[in-house]
Amino acid sequence: MKLQQLRYIVAMVRHDLNVSQTADALFTSQPGVSKQIRQLEDEIGVEIFQRSGKQITQVTPAGERIIEIADSVLQQIEDIRTVGREHANPNVGELRIATTHTQARYVLPPIIEKFREQYPHVVLHMHQGTPGQIAEMAASGLVDFAIATEGMSLFADLVMLPCYHWHRAVLVPEGHPLQKIDALDGLTLEALSTYPLITYVFGFTGQSKLDDAFRRSGLKPNVVLTASDADVIKTYVRLGLGVGIVAELSVAESAGEGLVALDADRLFSHSTTHIAFRKAAKLRGFMYDFIELFAPHLNAEMVDEATALGSATARDKYFSNVKLRTL
């Protein structure tokens with residue numbers, strides 16, 4: 001029995017029994033994944049997966065228990081490595097972060113700069129993706145931390161800690177009619193709904209809050225283009241394709257670039273960015289320090305107390321009286 005085989009069967013479940021996606025995530029070939037799983041099944045004498053022809057269709061009852069144990073074994077092995085690294089040299093190691101473009105481009109640079117000053121011998125690996133992809137990378141142990149606004153609550157084995165609130169801004173080309181409306185009477189959802197909108201792909205940066213606001217007002221937004229990158233949205237607003245709705249923290253550099261940012265705080269409720277990691281993860285000292293740099297209220301004691309709580313509901317209650325900063 002090989003650790004590689006255990007990783008393959010756990011990854012298969014995380015990728016909905018899709019051999020192609022599993023192979024891509026593990027940087028190997030489909031035949032290699034299938035072969036290793038078959039060899040493991042032959043060794044233990046039971047089928048882990050049911051098949052229809054060559055296609056894996058579901059996990060067997062025995063397979064469910066085996067995969068649960070395999071996941072635990074892999075985590076314990078990683079914990080052993082972590083303890084060894086921590087005691088050998090607490091200031092040397094790797095920190096793997098998965099996040100969205102907005103976080104990587106507009107929020108993390110000063111945090112990374114400070115962290116590098118404190119831990120020059122810790123190698124940082126930054127991965128970007130959709131919130132769902134980010135959460136999956138954290139849940140599968142491919143990264144240490146996932147940082148995003150949406151998409152992570154679907155993964156029950158992640159601890160999500162609230163970091164900060166943020167608001168939206170409306171971007172228009174200079175001289176746009178909405179600029180005059182905003183100056184005279186204030187921007188409204190009704191006025192916005194009459195223009196083509198350019199905003200984030202659903203699941204990115206709290207787009208559901210945007211949809212909810214229009215829905216509650218009985219309006220339907222005319223979204224003509226979506227993107228995962230705020231800079232891409234700005235480009236198409238400049239081309240006159242529509243009005244942009246982006247995270248307010250991404251518009252600071254838009255001044256003087258032919259765009260005007262209009263305040264949309266009262267139109268849309270704020271969103272909250274979280275940092276997430278596996279419940280069973282053993283955090284190293286520099287990982288606690290990174291969390292506190294990113295969210296100053298999250299000291300090591302608070303992180304441990306929140307992690308020890310049994311459910312997301314309990315953690316929400318725990319943080320209910322904590323005042324988060326707004327970016």
Pull up the DSSP beta bridges for the chain and report the antiparallel fraction as a percent, rounded to 5. 55
With point charges of +1 on the Cβ of Lys and Arg and -1 on the Cβ of Asp and Glu, referenced to the Cα centre of the chain, which listed residue (Q39, I233, S320) lies farthest in the positive direction of the dipole? Q39
Length gain on complete extension for the stretch R85 to E64, per 0.36 nm per residue less the alpha carbon to alpha carbon distance? 4.4 nm
Using label points projected 7 Å from each Cα along Cα→Cβ, tell me how many nm separate D185 and E301, to one decimal. 5.4
In nm, the gap between the two label points placed 7 Å beyond Cα toward Cβ at V201 and A280 is 3.0
Sequence-distant residues sharing a close amide H with L124 (under 5 Å, placed H): L95
Which FRET efficiency value, to the nearest 0.05, is calculated for T194 and H270 with the Förster distance at 25 angstrom and r the Cβ-Cβ distance? 0.50
Scaled by the rule-of-thumb 2.2 N^0.38 Å, the alpha carbon Rg for the stretch 28-81 gives a ratio of 1.26
Residue-averaged 222 nm ellipticity for the chain, from DSSP H runs of 4+ at -39500 (n - 2.57), nearest 500: -13000 deg cm²/dmol
If you put +1 on each Lys and Arg Cβ and -1 on each Asp and Glu Cβ, how big is the dipole of the chain around its Cα centre, in Debye rounded to 20? 340
Taking the simple approach of a point 7 Å from Cα along Cα-to-Cβ for both A312 and M1, what is their distance in nm? 3.2
Identify which of the listed values of volume of the Cα convex hull per residue in Å³ was calculated from the structure shown: [x] 169; [y] 223; [z] 145. [x]
For a Förster distance of 45 Å, can you work out the FRET efficiency between the beta-carbons of V322 and K54, rounded to the nearest 0.05? 0.30
Given R₀ = 22 Å, what would the calculated FRET efficiency be for N18 paired with V73, taking r from the Cβ atoms and rounding to 0.05? 0.45
Which residues' amide hydrogens lie under 5 Å from the amide hydrogen of Q50, considering only partners 5 or more residues apart or on another chain, with H built in the peptide plane? T57, Q58, V59, T60
Over the Cα atoms of the stretch 1-148, Rg to Rh with Kirkwood Rh, two decimal places? 1.05
Counting sequence-distant residues (5 or more places) and residues on other chains, those with an amide H built under 5 Å from that of I275 are L161, C163
Using a Cα-Cα cut-off of under 29 Å, which lysines could be cross-linked to K220, ignoring same-chain neighbours fewer than 8 residues away? K180, K209, K234
What lysines sit close enough to K279 to cross-link, taking a C-alpha to C-alpha distance under 25 Å and skipping anything fewer than 8 places away on the same chain? K2, K317, K323
Computed over all unlike Cα pairs, the Kirkwood hydrodynamic radius of the stretch 122-227 in Å stands at 16.3
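Here, each number is a calculation from the coordinates, and none is a lab measurement. What you are looking at is a predicted structure, and each value in this text was computed from that prediction instead of being measured. Because the Cβ atoms are built from the backbone with ideal geometry, glycine has one as well, and the counts that use them run over all protein chains shown.
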